[in-house]
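Comments concern the structure below.
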Amino acid sequence: MKTKLSVALAAAGCALALSVGAARASVVYGVDLSVGAGSVTGTITTDGTTGTLSSGNITAWNLKLSDGSNTFVLQPSVNDTALIFGTQTSATATGLFLISVAPAFKA
């Protein structure tokens, strides 16, 4: 299941949109991705910042991961923080964009 969920999450990283903008009201982005029998559905909420995002810009998430027969829900608890490394995540008023990088190590 872990491998299939990794594939579904990798599919979430589709594009990178670079723009610069100021923070505004929170924005909730819908997530609805499928890869084979796997899927990721739910929402990701940001603080409204557009352009390149950092970890602090992701304020909430509720994601249901499925490999077609098993599901797992990702939700933040009181001390959870989204981690974003580098400048590969960005947002516009209408979209959240993630870049997926192939793993450096393969089995």
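Going through the range 21-53 one residue at a time, which ones are assigned to a strand (DSSP E or B) and acidic (Asp, Glu)?
Residue satisfying the conditions is 32 alone.
Scan the range 54-75 residue by residue and report those that are under 13 Å from the mean Cα position of the chain (by Cα), at pLDDT below 90 and not in a strand (DSSP E or B).
Correct list: 54, 55, 75.
Considering every residue within the range 10-22, establish whether at least one is more than 18 Å from residue 82 (Cα to Cα) and at pLDDT 90 or above.
No, that holds for no residue.
Checking residue 38 against (1) modelled with pLDDT under 90; (2) surrounded by 11 or more Cβ atoms within 10 Å (Cβ to Cβ), which single condition isn't satisfied?
(1)
Considering only the range 76-107, state which residues are part of a loop (DSSP other than H, G, I, E, B), at pLDDT 70 or above and in contact with a helix residue (DSSP H, G or I) (Cβ under 7 Å, 6 or more places away or on another chain).
81, 82, 83, 84
Hey, among the residues in the range 21-73 that are touching a Phe, Trp or Tyr at 6+ places or on another chain (Cβ under 7 Å) and aliphatic (A, V, I, L, M), which one's farthest from residue 89 (Cα to Cα)?
Among those that are touching a Phe, Trp or Tyr at 6+ places or on another chain (Cβ under 7 Å) and aliphatic (A, V, I, L, M), it is 65.
The values are calculated or read from the model by the stated rules, or taken from the named source; none is laboratory data. What you see is a predicted model, and the numbers here were worked out from it, not measured in a lab. Counting neighbours? That spans all protein chains shown, and the Cβs are built from the backbone with ideal geometry, glycine included.
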